[in-house]
Amino acid sequence: MLKLEKINTYYKHVQVLKDVTFQVNAGEIVTLIGANGAGKSTILKTVSGLIRPKSGSIKYLGNDIQNMAPEKIVAQGISHVPEGRRIFPGLTVFGNLEVATTPWRRHRESIQKDLEKVFRLFPRLQERIDQEGWSLSGGEQQMLAVGRGLMSRPKLLLLDEPSLGLAPRLVQSVFETIKQINQQGTTILLVEQNAYAALQVADRGYVLVNGHIVLSGLAGDLAADKKVKEAYLGG
Ligand SMILES: Nc1ncnc2c1ncn2[C@@H]1O[C@H](COP(=O)(O)OP(=O)(O)OP(=O)(O)O)[C@@H](O)[C@H]1O
Ligand SMILES: [Mg+2]
C-alpha cells in the first residue's frame, strides 16, 4: 500500500532521514520505533506531504506521491494525526470533526455517517459535541484528534504518539481503539515512544536510529530481540 524507497529528508542543511526504505501492506499495523529525535515524526510528515524529501520515492497504491500537495494526499486516503493533538482552538468538538471533511465533501448526509462512526468508537465525544475542543481533557483531545483523522475516510492512518501523556488506563484503551480501527479496514502506520505497547498491537515494526532504519521484523520477533529490549523496552 505504501512504499518508501531511499527517502532523504532535510531541515535546511541538516539531514534527518537517511535512505529510509520501508513498506506498509494493506491491512497491517506497522510501527516505527526510535528514541527522541530519531526522525519518526519526520517520516510521517514526509509521507503526508508536509515536508518534501530531497530524494527518494514514496509510492502509495502504486502512484508516486512524494511531490503531491498535502491536501491531495489526504484526498487519496492518507490521514495524519499529528503529535500533540493539535485541536483547533475556537472550534467545538463538532467543528473540529467537520473541518476535516472539507473541501472535497460537503454534504451533510455523508458527514453524518462518518460522525456516527467516530461516535461509535468514542461515545465521549458525542456527549461533548458542543464543547470547545480546547477545553477537553487530554485523553478526550486525543480521541478528538484520532476522530478528526477518521473523518476523511482514510485507507491509511498515520498516528504520531497517540498515547503520549495519557494515564496508563487510557493508554490501554488507545491501543484497543487502534486495533478496532484496523479491524474495520484501515491500515495503520503507528509511531510510539511506548514501544512495548506498540509491538503488542502491531504486525510488523521498524527501528529507527538517527534517521536510519537499522532493524525490521515481525512485531513479536522485535519484542523478543535482545537489542530492542535493552534499548526500548527497559531491558
Ligand atoms: N522544523 C524543524 N527544523 C529543524 N529541525 C527539525 C525540525 N523538526 C524536527 N527537527 C529535528 O529533526 C530531528 C528529528 O525530529 P523528529 O521530530 O522527526 O523526531 P522524533 O523521532 O519524532 O522524536 P520524538 O520522539 O521526540 O517525537 C530532530 O533532531 C529534530 O530536532
Ligand atoms: Mg515525534
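Per-structure values
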item: Exposure of Ser55 as accessible area (Å², to 10), given a probe of 1.4 Å and all protein chains; result: 50 Å²
item: Mean projected area in nm² (Cα convex hull; one quarter of hull surface) for the chain; result: 12.3 nm²
item: Estimated [θ] at 222 nm from DSSP helical runs (n ≥ 4, -39500 (n - 2.57)) normalised by residues in the chain, nearest 500; result: -10500 deg cm²/dmol
item: Residue-count net charge about Arg120 - beta-carbon cut-off 14 Å; Lys, Arg +1, Asp, Glu -1; result: -1
item: Positive minus negative residues near Leu32 (Lys, Arg vs Asp, Glu; Cβ under 9 Å); result: 0
item: Rounded to 5, percent antiparallel among DSSP beta bridges of the chain; result: 55 percent
item: Sum of side-chain charges, Gly95 neighbourhood, beta-carbon under 13 Å (Lys, Arg +1; Asp, Glu -1); result: -1
item: Heavy-atom accessible surface of the range 30-83: percent carbon and sulfur, 1.4 Å; result: 49 percent
item: Of Lys54/Lys226; Lys18/Lys117; Lys18/Lys113; Lys3/Lys226; Lys72/Lys226, those spanning more than 30 Å from alpha-carbon to alpha-carbon; result: Lys54/Lys226; Lys18/Lys117; Lys18/Lys113; Lys72/Lys226
item: On Cα atoms only, tilt of 138-150 relative to the major axis of the chain in degrees; result: 90 degrees
item: With every protein chain in place, the range 179-235: carbon and sulfur % of accessible area (1.4 Å); result: 47 percent
item: Selected from Met151, Met143, Met68 as most flexible by GNM, with the chain as the system and alpha-carbon contacts under 10 Å; result: Met68
item: Mean accessible surface per residue for the range 2-232, computed with a 1.4 Å probe while every protein chain stays in place, in Å²; result: 48 Å²
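The values are calculated or read from the model by the stated rules, or taken from the named source; none is laboratory data. Everything quoted here is computed from the prediction, not taken from an experiment. Quick reminder, even Gly has a Cβ in these numbers, built from the backbone with ideal geometry, and neighbours come from all protein chains shown. Side chains included, ligands, DNA and RNA excluded: accessible areas come from the protein's heavy atoms. Shrake-Rupley method; radii C 1.70, N 1.55, O 1.52, S 1.80 Å.
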